[in-house]
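Have a look at the structure below, then the notes.
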Amino acid sequence: YFNQNRTATIIVTERNFDPEDVLVNITNTDGVIPSLSSWTKTEGTGNGDNTRWTATLTYASDGDYTFDMQYTDLAGNVSSGPRYGNSVAPTEFTIDKTLPAISVSYSNNNAANGKYFSAPRTATVVVTEHNFDVSRVVFTQTASLGGSSIAVPSVSWSSSGDVHTATISYANDGDYTFDVTMTDMAGNESGEANYGGSAAAKDFVIDQTIEKPVIGGVENGNAYTGDVIPTISFGDVNYASYEITLLRTRKGERD
C-alpha cells in the first residue's frame with residue numbers, strides 16, 4: 001500500500017527495437033490506467049546490443065493495480081520477462097492517497113446542563129475508507145460512575161462497500177468520554193472526526209437514577225407532645241439543587 005504517486009521506469013535493452021512490440025498489461029480496480037510515456041534512446045556501443053530504450057509509467061490515481069509486460073524484438077526473440085531488482089511489490093500494489101473520513105452522530109441529543117442525559121444514547125460512527133482494517137480504528141474512551149471505573153460499552157461493526165459503520169450503546173449510568181481516529185492500510189491518517197451538531201459528543205453523562213429523599217425525626221400518623229425536629233436527607237451522583245415545601249393542616253380545619 002502506497003499513499004503517494006508511484007512511477008515505474010521501464011528499460012528495454014535491445015538493438016532492433018520497435019515500441020509497438022512492447023506489451024504492457026495494467027489493471028486497476030478503480031478504472032484509471034496510466035499511460036506509458038514516449039521512449040527515449042541511449043545509444044549503445046559496438047554492434048548496439050546494449051542500446052537502451054527508456055519509458056516511464058506514473059501511477060497517480062487511487063486503485064488496486066497489477067502490472068506485467070512482455071517484449072518481442074524485430075527478429076522474433078522473446079524476452080524472458082522483466083527483472084524488477086529490489087522493487088517493492090512491483091506487480092501488485094495499491095495506491096491510496098485518500099484520507100479516511102469519520103463522522104459521529106448520536107441518537108439522543110437532549111442534554112441538560114450541557115452534557116447530562118436522562119435517557120440512553122447510541123453513538124453511530126461511520127468510516128468511509130476503501131482500504132479499511134478494523135484493527136486500525138482507535139477508540140479513546142473512558143467510563144466511570146461515582147469516581148470508580150465501569151465497563152466501556154462494546155462496539156458493533158457492519159460494512160457495505162467502502163462505508164463501515166460502528167454502533168455503541170450507552171445504556172448504563174456513567175460519566176463517559178469518547179473520541180475516534182484511524183489510519184488506513186496505506187498510512188493515511190483520518191485526523192479529527194466530524195461530530196456535526198451532536199450535543200456533548202466527546203464528554204457526557206448518562207444519569208437515569210434519582211433517589212427519593214428520606215425524612216427522619218418524625219413518623220407519619222404519630223402525635224407528639226414536645227418539639228418535633230424532622231430531618232431530610234437525600235443523595236445523588238449528579239446533584240444539582242433541591243426545594244423543600246412545608247405544608248401543615250390545623251386540627252380545627254380537618255373534617
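Shape index of the stretch 112-255: Rg/Rh, with Rg the Cα radius of gyration and Rh the Kirkwood radius from the inverse mean 1/r over Cα pairs, equals 1.27.
Tally up the carbon and sulfur contribution to the accessible surface of the stretch 119-232 as a whole percent, 1.4 Å probe, everything protein left in place.
For the stretch 119-232, the apolar C and S fraction of the accessible surface comes to 51 percent.
Accessible area per residue for the stretch 1-96 is 61 Å², calculated with a 1.4 Å probe on protein heavy atoms, without ligands, DNA or RNA.
In whole percents, the pair-distance distribution calculated for the stretch 1-61 from its alpha-carbon pairs, binned every 10 Å from zero, is 20, 44, 24, 11, 1.
For the stretch 200-255, the pair-distance distribution built from all alpha carbon pairs, in bins 10 Å wide starting at 0, is 14, 36, 24, 15, 7, 3 percent.
Could you give the semi-axes, largest first, of the ellipsoid that matches the stretch 57-133, computed as the square roots of 5 times the alpha carbon gyration tensor eigenvalues and rounded to whole Å?
56, 9, 9
Can you return the aspartates and glutamates within cross-link range of Lys41? Criterion is Cα-Cα under 17 Å, with same-chain partners fewer than 8 residues away left out. Within the straight-line cut-off, Lys41 pairs with Glu14, Asp18, Glu20, Asp21, Asp49, Asp73.
Were the residues from Thr181 through Val163 laid out at 0.36 nm apart, the gain over their Cα-Cα distance would be 5.0 nm. Normalised by 2.2 N^0.38 Å, where N is the number of residues, the C-alpha radius of gyration of the chain stands at 1.97. Given N residues in the stretch 6-137, what is its alpha carbon radius of gyration divided by 2.2 N^0.38 Å? Taking the Cα Rg and dividing by 2.2 N^0.38 Å, one obtains 1.81. The distance between label points at Asn47 and Asp133 comes to 5.1 nm (points 7 Å beyond Cα on the Cα→Cβ vector).
The length gained on full extension between Tyr84 and Ala240, counted as 0.36 nm times the residue separation minus their Cα-Cα distance, comes to 49.1 nm. For Lys202, a cut-off of 20 angstrom between C-alpha atoms picks up these aspartates and glutamates, skipping any fewer than 8 places away in its own chain: Asp173, Asp175, Asp179, Glu189, Glu192.
The values are calculated or read from the model by the stated rules, or taken from the named source; none is laboratory data. Just so you know, these numbers come straight off a predicted model, no measurement behind them. Positions of Cβ are backbone-derived with ideal geometry, glycine not excepted, and every protein chain shown enters the neighbour counts. Calculation scope for accessible area: heavy atoms of the full protein, side chains included, ligands and nucleic acids excluded. Shrake-Rupley method; radii C 1.70, N 1.55, O 1.52, S 1.80 Å.
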